[in-house]
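First comes the structure, then the notes that go with it.
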Amino acid sequence: MRGNCWDRAASPYFDLWVPRLIPYHEDLIRRAVPRPGERVLVTAAGPGAELLPISRALEGTGMLAATDSSPTMIEHARAEAQKAGIAMPIDFRVADAADTLGGTWDLIVSAFGLWQLEDRDEVLRSWSEALGEDGRIAVLEWGPPEPDGPFQLAELALVHTAPELGGARRGWALASRESMGELLASSGLRLVRHAVIRNTMSFGSAEGFLQALCNGGAFVHLVEGLGRERLGAMAEAFYARLDPPSARTPLSFAPAASIAIAQKSPA
């Protein structure tokens, strides 16, 4: 999914979402605790928001690789790493999330990528098999869901307008400790830490938020093909759920995201 769709969405995603998401990525890396000398793989890396904090933690030692199925995202990540002055070499590859590059890793990182995958079990098994002794996986996903949050209200408006898309955001269900633990266990992994984090993000208007969501955010692959009329109906349904119900309503909220740290289950 990340390939063609995210190639087209790369620029608005980078401009509109990455600055708002950096605190979440930084929280993930703090809890993943990369150590000097470790081998770290970042999957579905997007524009590479994790690379700078990881490189600092590694202190220029070990190995760092970043993959994404979107060539455009990988080029963004490469350019941003250079701009940030990251001194250690980074192996950038266009690859699917399940591809561990034939390596053995101390840490595999996935931020906001697992929910998009239909073959999550297969991907997690691939990661598990690529972990070295005492290796770990660090996953960041949106949720638990909040009924009155802008993301959920927009999703309700989308499903109201396009019922055939119902359930398209099932990834929210991954967020709970129980659900994540069960998913990891099915792939030979055990959940060792789970935390819910929040960071504030603001939009000048509800219209700006919805445009960002549809052009460079989580709705990109869902709204393609809906057509102008249905997109307009979705927007009106979203604005009607706000207080006050207007496209001009400013939004400031702190959506919940869950961090899961896992290791291989004992043989």
Item to complete: Over the residues of segment 1-123, compute the C-alpha Rg and express it relative to 2.2 N^0.38 Å.
Response: 0.98
Worksheet entry | CD proxy at 222 nm, helix term only [per DSSP H run n ≥ 4: -39500 (n - 2.57); per residue of the chain; nearest 500] | -11500 deg cm²/dmol
Practice prompt. Could you tell me which GluC sites (Glu not before Pro) in segment 55-117 are loop residues by DSSP with no more than 13 other beta carbons within 10 angstrom of their beta carbon?
Written response: E59
Worksheet entry | Relative contact order of the chain, defined on C-alpha pairs under 8 angstrom at six or more residues apart (%) | 23
Worksheet, complete the sentence: One finds, for R198 and R228 with R0 = 35 angstrom and r their Cβ-Cβ distance, a FRET efficiency to the nearest 0.05 of 0.50
Discussion item. What distance in nm lies between label points placed 7 Å from Cα along the C-beta direction at A173 and A247?
Written reply: 3.5
Worksheet item: Nearest-5 percent of antiparallel DSSP beta bridges in the chain?
Response: 50
Worksheet item: When only alpha-carbon atoms count, how far does the chain stretch along each of its three principal axes, as whole angstroms with the largest first?
Response: 53, 40, 30
Worksheet item: Whose amide H sits under 5 Å from the amide H of G62, counting only residues 5 or more places off or on another chain, with H placed in the peptide plane?
Response: G37
Worksheet item: Using mean Cβ contacts within 10 Å as the protection proxy, how do 65-72, 156-163 order, highest first?
Response: 65-72, 156-163
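Just so you know, all these numbers are worked out from the coordinates, no wet-lab data involved. Note that the structure is a prediction, hence the values are computed from the model and not measured. Methodologically, a virtual Cβ is constructed for each residue, glycine included, from the backbone with ideal geometry; neighbour enumeration extends over all protein chains shown.
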